[in-house]
Amino acid sequence: MHRSLRRAAGALALLALAAVPPAAASAAPTKTKTKTKAHYLLSLGDSLSVGVQPNAAGQSLPTAQGYADQLYALEKPKVKNLKLVKLGCGGETSGSMSTGTGNVTGKECSYAKHNQLDQALAFIKAHHAAGEISLITIDLGANDVDSCLTPTGSIDLTCVTTGENALFANLPKIVSKLRKAAGKKVTMAGMTYYDPFLAGYLVPSTRALATLSISLAGSLNAQLTKIYQAQKFKIADVAAAFKTVDMTDLGTFAGQSLPIDVANICNDTWMCVPAPQGPNIHANQTGYALIAQTFAAAVGKL
């Protein structure tokens, strides 16, 4: 080709390339959507943490109405991409949570790490990115002492002492390991307990037992509070929400005027319900809602 013709062809080629839109000349880099990081509400503990309630036949079964579920519903609109992880176990004691054996139901919960505590620690380790775990909740201790109510309607005080000694030996180690794994910045909250034995007030022969149970519940809850606070846990004071020590103010249940703490136990748990569903120590949906609201108020903004 003649040199002048080659120059003309080259110029035309450059002009043609310049006329092509940049997207056609070279595909623009596509934007990759960044997956929103998940945040977690990790729920630990006994049957209350998994929302156990009795069915029509009186069988105590997990439900989706527990305090963890209802707390999750309260917090989900406030925390982006919040997910609920429930590791709790019905019948869990402070001993079985650490060892995987000794569940009061006689049926151990199954965990890949063999016990609830180690499973929780593994989950925390796997999701330890800054801000990934928004909240850890726990309730533990009721099963260490609930069996101390005898069939005759009295409280076995030796049993109470033994149960409390085990709880006060085990729980500090549990919460210490959770705090160490999660770090100082993760919000963690533990709860005090309502007193199901207040339902005994309805029967004259067990009314004294119901009154005695208030002081025992107070002692237990005081120790729980102390243990949780030592590891910078927020306190969901469920005992106060249920007005556990208030025998002065009045409430109503089934048309009866009762001390407010007794009325609350009857209205918010299954303790005053006829067989086969009752008496059952677990909260009902309304009671679980109250517990969830108490946790939400205790932890504040996540």
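For a Förster distance of 35 Å, can you work out the FRET efficiency between the beta-carbons of Leu212 and Glu132, rounded to the nearest 0.05?
0.15
Given labels modelled 7 Å from the Cα in the Cβ direction, how far is it in nm from Thr248 to Lys226?
In this crude spin-label approximation the distance works out to 2.6 nm.
Using volume of the Cα convex hull per residue in Å³ as the read-out, say which of (1) 133; (2) 202; (3) 168 was calculated from these coordinates.
(2)
Toward the positive end of the charge dipole of segment 187-247, about the Cα centre and with charges on Cβ (Lys, Arg +1; Asp, Glu -1), which of Leu220, Met188, Leu198 goes farthest?
Met188
Expressed in whole Å with the largest first, what are the equivalent ellipsoid semi-axes of segment 233-281 derived from the C-alpha gyration tensor as the square root of 5 times each eigenvalue?
21, 16, 6
Would you work out the charge dipole size for segment 77-180 about its Cα centre, treating the Cβ of every Lys and Arg as +1 and the Cβ of every Asp and Glu as -1, and quote it to the nearest 20 debye?
720 debye
So how tilted is helix 3-19 from the main axis of the chain? Cα-based, degrees 0 to 90, rounded to 10.
Around 30 degrees separate the two axes.
Send over the semi-axes of segment 145-302's equivalent ellipsoid, whole angstrom and largest first, taken as the square roots of 5 times the C-alpha gyration tensor eigenvalues.
Square roots of five times the eigenvalues give 29, 19, 13 Å.
If you build a Gaussian network model of the chain, linking Cα atoms that sit under 10 Å apart, which residue out of Leu258, Leu140, Leu71 swings the most?
Leu258
When the dipole is taken about the Cα centre of the chain, and only Lys, Arg (+1) and Asp, Glu (-1) are charged at their Cβ, what size is it in debye, to the nearest 20?
Numbers: 27 positive and 18 negative charges, 590 e Å.
Computed about the Cα centre, the dipole is about 2840 debye.
With only alpha-carbon atoms in the gyration tensor, what are the semi-axes of the equivalent ellipsoid for segment 46-172, in Å, largest first?
That gives 29, 19, 13 Å for the three semi-axes.
Work out the length of the dipole vector of segment 197-302 about its Cα centre, built from +1 on the beta-carbon of each Lys and Arg and -1 on the beta-carbon of each Asp and Glu, and round it to the nearest 20 debye.
360 debye
Running a GNM on the chain with Cα contacts under 10 Å, which residue among Leu121, Leu61, Leu290 ends up with the highest mean-square fluctuation?
Leu61
Once Rh for segment 192-268 is found with the Kirkwood sum over Cα pairs, what is the Stokes-Einstein diffusion coefficient at 25 °C and 0.890 mPa s, in µm²/s? Spell out each step's value before the answer.
Details: Rh = 12.9 Å.
The calculation lands on 191 µm²/s.
Given the options Asp146, Asp249, Asp261, which has the most mean-square fluctuation in a GNM of the chain, springs set between C-alpha atoms less than 10 angstrom apart?
Looking only at Asp146, Asp249, Asp261, the biggest GNM fluctuation is shown by Asp249.
For the chain, what does the helix formula give at 222 nm: sum of -39500 (n - 2.57) over DSSP H segments with n ≥ 4, over the residue count, nearest 500 deg cm²/dmol?
Helix-only estimate at 222 nm: -13000 deg cm²/dmol.
So what's the Cα pair-distance distribution over segment 86-233, bin width 10 Å, in %?
All Cα pairs, binned at 10 Å, distribute as 11, 37, 32, 15, 5, 0 percent.
Order by neighbour count: Ser43, Ser60, fewest other Cβ atoms within 10 Å first, most last. Spell out each step's value before the answer.
Numbers: Ser43 27, Ser60 18.
If I rank by nearby Cβ atoms, fewest first, I get Ser60, Ser43.
Within segment 253-289, what residues put their amide N at less than 16 Å from the label point 7 Å along the Cα-to-Cβ vector of Gln59?
Backbone N within reach: 276-278.
Fewest first, what order do Cys89, Cys266 take by the number of other Cβ atoms within 10 Å?
If I rank by nearby Cβ atoms, fewest first, I get Cys266, Cys89.
Taken together, the values in this text are just the output of simple stated rules run on the coordinates, not laboratory data. Everything quoted here is computed from the prediction, not taken from an experiment. A quick note on method: Cβ atoms are made from the backbone with ideal geometry, for glycine too, and the neighbour counts reach across all protein chains shown.
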